[in-house]
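A short write-up of the structure that comes next.
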Amino acid sequence: MPDISRDDVAHLATLARIDLSDAELDHLAPQLAVILDSIASISEVAAEDVPPTSHALPLTNVFREDVATPGLTAEQALSGAPEVEEQRFSVPRILGEEQ
Amino acid sequence: MTDWTRSTAAELADALANGETTSVELTQAHLDRTAAVDGAVHAYLHVDAEGALAQAEASDARRAAGSPASRLDGVPIAVKDVLATQGLPTTCGSRILEGWIPPYDATVVDTLRRAGLPILGKTNMDEFAMGSSTEHSAYGPTHNPWDLDRIPGGSGGGSAAAVASYQAPLALGTDTGGSIRQPGAVTGTVGVKPTYGGVSRYGLVALANSLDQVGPVTRTVLDSALLHELVGGHDPRDSTSIDQPLPDLVAAAELGATGDMSGVRIGVVKELSGEGYQPGVLARFEESVELLVKAGAEVVEVSCPTFVHALATYYLILPAEASSNLAKFDAMRYGLRVYPDGVDAPSAEEVMRATRDKGFGDEVKRRIILGTYALSSGYYDAYYGQAQKVRTLISRDFEAAFAKADVLVSPTAPTTAFKLGEKLDDPLAMYLNDLATIPANLAGVPGISVPSGLADEDGLPAGFQVLAPALADDRVYRVGAALEKLLADQWGGPLLAQAPTLDGVAR
Amino acid sequence: MTDTLLTYDDALAAYDPVLGLEVHVELNTASKMFCGCSTVFGAEPNTQVCPVCLGLPGAMPVVNGKGVESAIRIGLALNCQIAEWCRFARKNYFYPDMPKNFQTSQYDEPIAYDGWMDVEVDGETFRVEIERAHMEEDTGKSTHVGGATGRIHGADHSLVDYNRAGIPLIEIVTKPIRGAGARAPEVARAYVAQLRDLIVALGVSEARMDQGNLRADVNLSLSTKGSDVLGTRSETKNVNSFRSVERAVRFEVQRHAAILAGGGSIVQETRHWHEDTGITTSGREKSDAEDYRYFPEPDLVPVAPTRDWVEELRATLPENPTARRARLQQEWGFSDLEMRDTVGAGALGLVEETIAAGASPQAARKWWLSELSRRANDAGVDLVDLGVTPAQVAGVQALVDAGTVNDKLARQVFDGLLAGEGTPEEVVEKRGLAVVSDEGALSAAVDNAIAANPDVADKIRDGKVAAAGALIGAVMKEMRGQADAARVRELILEKLS
């Protein structure tokens, strides 16, 4: 089980879009290392042929009819928005393009 | 004059049906109780007196017209702040959702409204349900009514404390790794985690989608059954909801309350006791098992060897799912927006980063980082993938155990309520609280916690957990109700009667 | 910075292009993929949204069964295997137009996989192998405010409309396409064009590239000739017409070749296609930081199409494209060359619909492949996006057949149709384009022409009928083109016989 370094935590924070301060990084990195260490046991428990469980109960094929139903009004949709302009969500300038 | 706050929900429903009281009267009684004690307990994040009384009036009008909407019509309820309530703030105990008022109701909340239960308010919780003490609430902890210096359990400490301090006869909680059952245990109340898929999750702000369940938080097993039957059942808005009728839970609770356990095989899980469990908790557990045996139950010891890995499995699956669920809190569409200091014309990305730093508490950040790690390329197979396999093994352990026993039993939590602040900066010690409750979430099986008595060391409540196979929720009600009855006979009343009255605690 | 290019021929002499095409098809379901919101295009902003597609806390998705059905039908039409069991997965990345900051998609368990489609280029068949077709959801739409161009760079802030968020998409990914050689651009174009025909025949999408119903990403890498080693690829995003697909491939081949020939190495990156200048520019560099952290969507249960269902859907498939082409060629009596040109122009469906609307096969082919192809080319758009419908073309031809207009006037009718002046009849009316059928006026014009050209008239009297052309021209000039040339010829010959 690889260790988790302060740099790793900083990288993960970037992936997760959290601006961790230096103090937070100092605090968090060793805590995460301890937690990871304690859950390390898991990697040896299950054999290759054990199927993974992603859903607690084995349901399949739950579908909806293709029928349009009313949703929210624009007013409701925008009611929680930090900023609104022209009936749209106003967001700070976007760097980079769509994926 | 009757103090309606001391009555069970079943008693209140009967009193309403018999015209002995009105919904307005008993809703007001609970609001008054909250005004008197919640300054000290802090079970609620938001109290909706006006709304609850309006709903109570409407309920009384229905009763007067002879057409109550349900058996519980008019009985007030508290709702954990993780469930979306249209027109009422829903914060999940987080700064990042401060002031957010959902434009829609969770399905279970909609069900409560249709059934006529006045909603008293929203209860406190660990931020996004991450915690076992409510100390991770961004709005301050809830205090245990048994000892205000102690934790009420978590994450649903607010719902449990509201019920334990007679501020509500009923509450809704959610249970991802024990968040209904463990607070129930440490506050001397009853809590049920239904079979996964048994109650709609639509409108439950997800912590870990594959583990979360909504369930009842009450003072008696029968009340839990009544509430569970009300909110349970299929919901087409929740794809993971089970499309078949619930078992007859109220009947099961009534059968259990006869105190007859003959023919019931009870499996004591070897791995869920012993090391790490407080002696007083274990003593109450063992006495409870003996009582059930005296009532006719057969005891078998079962072994679930993979359960020792449940905690590690849980702390991989939960953060992974949570890290993705919580990505939506990004300051773009709702909730908090923080502009970074000293940045001229910040970009959307910079605003997201600053907001998520300011808006999330330490535990949430810890788990997001952990989950991001567990899912990141190169580690997925070793962590998340492996955890899902262990999950399969845990389910197999349950299957094997249920071949030998109708229900499995254990202490609900390894200890009684600890002091506020004691484990706050020791995440691992905090995580150990959920040792006994987590396996049920991983396998999707139902579980109940009922009070088993007070631990000798500290005089604080301990809980007794009953687990049953998926879809057999009726079994936990039968056994839970039987134990409740047998213990009440011994104590001469419910355990909560021994709790401090909290008179004059206002602060 | 302008990229240096190698000439196409030089590039092909040294390298083999390897193509990869990713096409997103926006389905035409009535409701979104995971909620009941309407998908109708052009609604007021944020009026077709609900807690689910807005990503509100607590909301949960439910799969649109029609979306799955369409995905399976597309998969079957592409000769794919249909998964017996597959799951949705979350693709995690942050972007303001994506409400949940993850896209509900499929990862290593696509609904359809391992298929192929035969595309025809210059009469030859080229097999394109399909890697997978999977289901996912669209994002919202951002408008960039402030800054000079309204583009993303330099914008002050952005406004987001989530009406499009959650509309079902099927992403169809090819395996690496090798061996196309110098025809790689044409193969890429033909693949996208014929894929569109297939989608239209399936009826699962409006499939308008200009409206974004069909979006192509073009991946290209070069291998050194004779080597099996794949080069580093570039991904050119949102190439939104058939001809742009062709041009983008050609451009990237030349750009890659220049870099490699100069001893450089290709940067793995996304590139933007610029329709106006015909070039690609660098977008986002693919870095290690790009880690989508896929995992199975826990709020959705697995999709396990029963084999009975798959077979039921197979029975609803349209005729396979190769058989269809053969049948149409026979029905229409087209020569191999005529058929090849029709397919190559992406006009097969258009011609078919025009014939269905009443035109003869040759007339339908003539209009689409000459006049209308020329106009599309001038406008830099695909034929289907030109703005003229098969019904209109058939209407114009009917006017020609009735003698109301001649071919020359018909071209002016198309001007009117493109200007939105109504039906062909209305255009003729408004523009006064009908040929003059007043025999008196025509006869007078013929008399004038004979009088003005006595020499020519004599030749015709002497039996040199071919000379009539000069007189017809004079008559048409006087009539400003609004005469039926055949009738003019008849009159001239009558008068001079």
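Just so it is clear, none of the values below were taken in a lab; they were calculated from the coordinates. Model, not experiment: these values are computed from the prediction. Counting neighbours? That spans all protein chains shown, and the Cβs are built from the backbone with ideal geometry, glycine included.
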| request: Can you give me the P(r) profile for chain B? Cα pairs, bins 20 angstrom wide beginning at 0, each as a whole percent. | output: 25, 59, 15, 1
| said: Can you give me the distance in nm between label points at C:TRP309 and B:TYR339, each placed 7 Å from the Cα along the Cα-to-Cβ direction? | reply: 5.1
| request: Return B:PHE464, C:PHE334 ranked ascending by Cβ neighbour count within 10 Å, so the fewest neighbours appear first. | output: C:PHE334, B:PHE464
| Over chain C, what relative contact order in percent results from Cα pairs under 8 Å that are six or more residues apart? | 15
| said: As an exercise, find the ratio Rg/Rh for the range B:1-69 from alpha-carbon atoms, using the Kirkwood inverse-distance average for Rh. | reply: 1.00
| query | FRET efficiency for B:ALA40 and C:ALA323, Cβ-Cβ distance as r, R0 = 51 Å, nearest 0.05? | reply | 0.05
| note | The residues C:HIS272, A:HIS11, sorted from fewest to most surrounding Cβ atoms within 10 Å, come out as C:HIS272, A:HIS11
| Could you give the length gained on full extension between C:ALA451 and C:ALA356, defined as 0.36 nm per residue of separation minus the Cα-Cα distance, in nm? | 29.5 nm
| note | Label model pair B:ALA54, A:GLU75: point-to-point distance (7 angstrom along the Cα→beta-carbon line) in nm is 1.5
| request: Kindly state, to the nearest 0.05, the FRET efficiency for C:GLN330 paired with C:GLU275, given R0 = 51 Å and r defined as their beta-carbon distance. | output: 0.85
| Rounded to the nearest 20 Debye, what is the dipole magnitude of chain C about its Cα centre when Lys and Arg each give +1 and Asp and Glu each give -1 at the C-beta? | 340
| said: Semi-axes of the equivalent ellipsoid for chain A, please: Cα gyration tensor eigenvalues, times 5, square-rooted, ordered largest first, whole Å. | reply: 38, 30, 12
| field | Alpha carbon centroid spacing (whole Å) that separates the range B:316-360 from the range B:376-435 | value | 29
| Across peptide B:388-401, what mean number of C-beta atoms from other chains lies inside 10 Å of a residue's C-beta? | 4
| note | Proxy exposure order for C:TRP332, C:TRP368 (fewest C-beta within 10 Å first) is C:TRP332, C:TRP368
| query | On average, how many beta carbons from a partner chain sit within 10 Å of the beta carbon of a residue in C:80-93? | reply | 2
| request: Could you please state, rounded to a whole Å, how far the C-alpha centre of the range C:291-327 is from the C-alpha centre of the range B:14-68? | output: 54
| request: Give B:LYS365/B:LYS389; B:LYS389/B:LYS485; B:LYS193/B:LYS404; B:LYS80/B:LYS294; B:LYS80/C:LYS100 a once-over and call out the pairs whose C-alpha atoms are over 31 Å from each other. | output: B:LYS389/B:LYS485; B:LYS80/B:LYS294
| field | Selected from B:LEU53, B:GLY87, B:THR134, residue furthest toward positive end of dipole (chain B; charges at beta carbon) | value | B:GLY87
| note | Amide H proximity to B:ALA78 below 5 Å, modelled H, separation 5+ or other chain, gives B:LEU120, B:LEU170, B:ALA171, B:LEU172
| Roughly how big is chain B's charge dipole about its Cα centre, with Cβ charges of +1 (Lys, Arg) and -1 (Asp, Glu), in debye to the nearest 20? | 740
| message | Please list, ordered by chain and number, the residues whose modelled amide H lies under 5 Å from the amide H of C:ILE279; skip anything fewer than 5 residues away on the same chain. | response | C:HIS274
| task | For the range B:139-197 and the range B:239-313, compute the distance between their C-alpha centroids and round to whole Å. | result | 20
| query | Between C:ARG411 and C:LYS464, what FRET efficiency follows from the Cβ-Cβ distance if R0 is 30 Å, with the result rounded to 0.05? | reply | 0.45
| message | Ignoring everything except DSSP H segments at least 4 long, calculate the 222 nm mean residue ellipticity for the protein assembly as shown; use -39,500 (n - 2.57) per segment, divide by total residues, nearest 500. | response | -11500 deg cm²/dmol
| request: Would you mind checking the range B:452-485 for residues with the amide N under 20 Å from a putative spin-label position 7 Å along Cα→C-beta of B:ARG396? | output: B:469-470
| What is the spin-label model distance, in nm, from C:LEU337 to A:ASP22 if the labels are put 7 Å beyond Cα along the C-beta direction? | 7.9
| query | Once the piece of chain linking B:SER67 and B:ALA283 is laid out straight, how much longer is it, given 0.36 nm per residue of separation minus the C-alpha distance between them? | reply | 72.9 nm
| field | Mean separation of Cα contacts under 8 Å, 6 or more apart, over the residue count of chain B: relative contact order % | value | 18
